[in-house]
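Engineer: What follows is a structure written as structure tokens; I'll ask about it next.
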Amino acid sequence: MWANLEVLNLCDNQLTALPASLCKLAALRRLYLNDNKLDFEGIPSGVGKLGSLEVFSASNNQLEMIPEGLCRYVALMLYSLPLVENTVKSSALTCIE
């Protein structure tokens, strides 16, 4: 039913975690997670395997690190990774430099 979903906006919902099933949305191109309460553990590790993902927007959350899978994917396809208003440590940004 959700196989062709391309845009998912979950902004401003006080989310603390995302379901692992999110990683099954193979056609997902834009994921908006701004203004929630997500931290590193709340992002499924397989999110970086979303082959069509172009935008991962997670501003104003509680992220201190970028999930490893997403970090590897940034160099390949992702063209937008807004993470403002988080506490991302500078060492976590080395994958996108």
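The values are calculated or read from the model by the stated rules, or taken from the named source; none is laboratory data. This one's a predicted model, so the numbers in the text were calculated from it and none came from an experiment. As a convention, Cβ positions derive from the backbone with ideal geometry for all residues, glycine included, and neighbour counts pool all protein chains shown.
Engineer: Return yes when ASN36 is under 14 Å from the mean Cα position of the chain (by Cα), of a type in the set (S, T, N, Q) and at pLDDT below 95 and no when it is not. Before you say what the answer is, go through the steps one by one.
Structural biologist: On the way: under 14 Å from the mean Cα position of the chain (by Cα): yes; of a type in the set (S, T, N, Q): yes; at pLDDT below 95: no.
In short, no.
Engineer: List the residue pairs whose Cβ atoms are under 6 Å apart, where the first residue sits in the stretch 40-64 and is in contact (Cβ under 8 Å) with a residue 60 or more places away in the chain, the second is surrounded by 20 or more Cβ atoms within 10 Å (Cβ to Cβ), and the two are 6 or more positions apart or on different chains.
Structural biologist: Close Cβ pairs (under 6 Å, with a partner that is surrounded by 20 or more Cβ atoms within 10 Å (Cβ to Cβ)) do not exist here.
Engineer: Just checking, does the stretch 64-82 include any residue being modelled with pLDDT under 85 and among the aromatic types (Phe, Trp, Tyr)?
Structural biologist: Scanning the stretch 64-82, I find at least one residue that is modelled with pLDDT under 85 and among the aromatic types (Phe, Trp, Tyr), so the answer is yes.
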